1. How far is helix 99-116 tilted off the main Cα axis of the chain, in degrees rounded to 10, range 0 to 90?
2. What does the extension gain come out to for Asn78 and Glu176, with contour length at 0.36 nm per residue minus their alpha carbon separation?
3. Given points 7 Å out from each Cα along the Cα-Cβ axis, report the Arg137 to Arg149 separation in nanometres with one decimal.
4. Quickly rank 53-66, 76-89 as a protection proxy: mean count of other C-beta atoms within 10 Å, highest first.
5. What's the center-to-center distance, using Cα atoms, between region 1-77 and region 100-126 in Å?
6. What FRET efficiency comes out for Asn98 versus Ser32 if R0 is 22 angstrom and r is the Cβ-Cβ distance? Round to the nearest 0.05.
Amino acid sequence: MERRFPGGKVLRLVIGDITRVPADAIVNAANSALRGGGGVDGAIHRAGGPSIMQELDEIRARQGGCPTGSAVVTGAGNLPARYVFHAVGPIWRRGTHNEPALLASCYRTCLALAEERGLSTISFPSISTGAYGYPVREAASIAIQEVCRHLERPETRLREVTFVLFDQATWEAYAEALRQRAPVE
C-alpha cells in the first residue's frame, strides 16, 4: 500500500525484513543503553556487522545512552543504507507515562535527522510494538500521523518513507491507520 503526497513524495507499507530494504537511513528500534537486543535491534546488528556496535560504544563513552523519544546515528555497516538511526521508543505502561508523546518524538527525531543529512529515503520498523509492548494499533496511528505530517510539508526533502513491517497483522494495523489518516491514492 502506498500514499502519494505533493511533490512526488510517497509513503509505503511493506511486509518484510528491514535489513534487506535499501534506504538512505534505516531506523532501529533500540534500547536506551544502546547495547543491542532482540527483534529489529538484533537483526540490524547481525546483518550490519560489528562496526555499528563499535560506533555505539563510542557514543556511549561520550554521552552514555540515549533518552527515550530520541535517537543517535551510526553508519550502516553491511546494511543496504548509509546510516542507522537508533531510536529509543517507550516501554508501554498502559499509557500512563507519556508514551504517545515519546513515541511521536522518536519518529519526529528520525525525520529531522534525515532532513539534516539531506536524505531522500528512510525506512522504519514498528517502533516499541515488540518487546516494549506498545499496542500496535495505537503505535501505528502515531507513526502514520507523524510521517504524513512531515511529508505534507512543502520544504521536506525526503522523497520516500517506507514502513517495513514484520507480519500481516502489523501491516493491517498500519494500513488501517493510513486509511483513517487520509484517502489512499
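1. 80
2. Working: separation 98, 0.36 × 98 = 35.28 nm, distance 3.33 nm.
So the extension gain works out to 31.9 nm.
3. Once both label points are built, they end up 2.2 nm from each other.
4. Details: 53-66: 14.4, 76-89: 22.3.
Answer by packing, highest mean first, reads 76-89, 53-66.
5. Comparing the Cα centres of region 1-77 and region 100-126, I get a distance of 10 Å.
6. Details: r = 15 Å, r/R0 = 0.67.
Here the calculated transfer efficiency is 0.90.
No value in this document is a laboratory result; all are computed from the given coordinates. Please read all numbers here as calculations on a predicted model, not as lab measurements. Positions of Cβ are generated from backbone atoms using ideal geometry, with glycine treated the same way; all protein chains shown enter the neighbour counts.
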